[in-house]
């Protein structure tokens, strides 16, 4: 399918019901009955399915089979939950001077302070376009600085995760890419639009393994990642189309996620519900818990839903490659809003 078949949506503010307190697990709606929202519009209940959980006592060969079949594996309780909660606590303690969290609540809880979510938009081009660069300079600074904080570096290099990736892949040694995206998903705010990771890793082969790690629990309506079912082959097909359309571009432009054939931000679509209808596939949702990790293929198509609770969703993307093999070396630097990736 040629890239032109994908709708290039303009960036719009999401229209959703006011956020509400997070529900207890026993009160949660199940996938297939829950109406989620993306920045571009609603995701109807019949377009939502269940992400398949994999428990740590599952045989390794079965875990690998599931990954190859689904393009992801949702590992339940891979990381020590208390260490995940501690990293979450340290993050919100670090952001506390900005006023992000609700007064008189615990840092570990990460309860949103309320008000206009635009004030808490992540630093970057969109924030600059809306003339918000000076709205909360301390927030912008701390969002960036958190990526190089010693406690975050230690968490990103957690030995349990690194050892598991090595075992799972069978690589002799692994390299963690230094660039990771670590920031809060504000209730009511922008979502992560539809994409696959290889769009942003084109300067290397499609061999990177992403570990998406929620820091804390994340309810079904809490803004967690949604994975498009059976989407690896679709991602490969779309990338072939983008590559064909970019043949006359310079090498630098061909490798860019933001070249003339891509929509703003390098994404595929901001309306996740529309995307699932076009391609006839469901979004798979999950009730994530602290300690869970999702490993996914670089062509697996995913996005996030709008966080409709009062709890800030915190998560990070950690990417691993096999040591000594080619990879996108642009990613061996800590994230900054102006790094061009």
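The values are calculated or read from the model by the stated rules, or taken from the named source; none is laboratory data. The shown structure was predicted, so the numbers you read here are calculated from the model rather than taken from an experiment. Glycine gets a Cβ as well: all are built from the backbone with ideal geometry, and neighbour counts include every protein chain shown.
Observations on the model:
- Residue 192 vs. criteria buried (at least 16 other Cβ atoms within 10 Å of the Cβ), at negative phi and at pLDDT below 95: yes
- Residue check for residue 71: farther than 30 Å from residue 231 by Cα and either buried (at least 17 other Cβ atoms within 10 Å of the Cβ) or free of Cβ contacts under 8 Å to residues at least 24 places away in the same chain (or both): no
- Failed condition for residue 109, given (1) loosely packed, with under 15 Cβ neighbours inside 10 Å; (2) farther than 22 Å from residue 162 by Cα; (3) touching a residue at least 24 places away in the same chain (Cβ under 8 Å): (1)
- Of 17, 31, 21, all but one fail to be outside any helix (DSSP H, G or I), at pLDDT below 95, surrounded by 13 or more Cβ atoms within 10 Å (Cβ to Cβ) and on the phi < 0 side of the Ramachandran plot; the exception is 31.
- Figure legend. Inter-residue proximity from segment 79-99: first residues on the phi > 0 side of the Ramachandran plot and outside any helix (DSSP H, G or I), second residues loosely packed, with under 15 Cβ neighbours inside 10 Å and at pLDDT below 95, beta-carbon distance below 9 Å, spacing 6+ or different chains. Indicated pairs: 99/138.
- Looking across segment 175-189, the residues that are outside any strand (DSSP E or B), surrounded by fewer than 22 Cβ atoms within 10 Å (Cβ to Cβ) and in contact with a strand residue (DSSP E or B) (Cβ under 9 Å, 6 or more places away or on another chain) come down to 179, 180.
- Restricting the search to strands (runs of 3 or more DSSP E) fully inside segment 227-341 and requiring at least 1 residues that are farther than 20 Å from residue 184 by Cβ and either modelled with pLDDT of 95 or more or touching a strand residue (DSSP E or B) at 6+ places or on another chain (Cβ under 7 Å) (or both) gives 283-285, 293-296, 313-322.
- Residue satisfying condition, being at pLDDT 95 or above and either in contact with a strand residue (DSSP E or B) (Cβ under 6 Å, 6 or more places away or on another chain) or more than 20 Å from residue 217 (Cα to Cα) (or both), within set 61, 44: 61
- Within the option set 138, 172, being surrounded by fewer than 15 Cβ atoms within 10 Å (Cβ to Cβ), in contact with a strand residue (DSSP E or B) (Cβ under 9 Å, 6 or more places away or on another chain) and over 23 Å from residue 218 (Cα atoms) holds for one residue only, 172.
- Among (1) within 30 Å of residue 56 (Cβ to Cβ); (2) without any contact (Cβ under 8 Å) to a residue 40 or more places away in the chain, the one test that residue 246 misses: (1)
- Considering only residues in segment 141-161 that are touching a strand residue (DSSP E or B) at 6+ places or on another chain (Cβ under 7 Å) and either part of a helix (DSSP H, G or I) or touching a residue at least 24 places away in the same chain (Cβ under 8 Å) (or both), the one that is surrounded by the most Cβ atoms within 10 Å (Cβ to Cβ) turns out to be 143.
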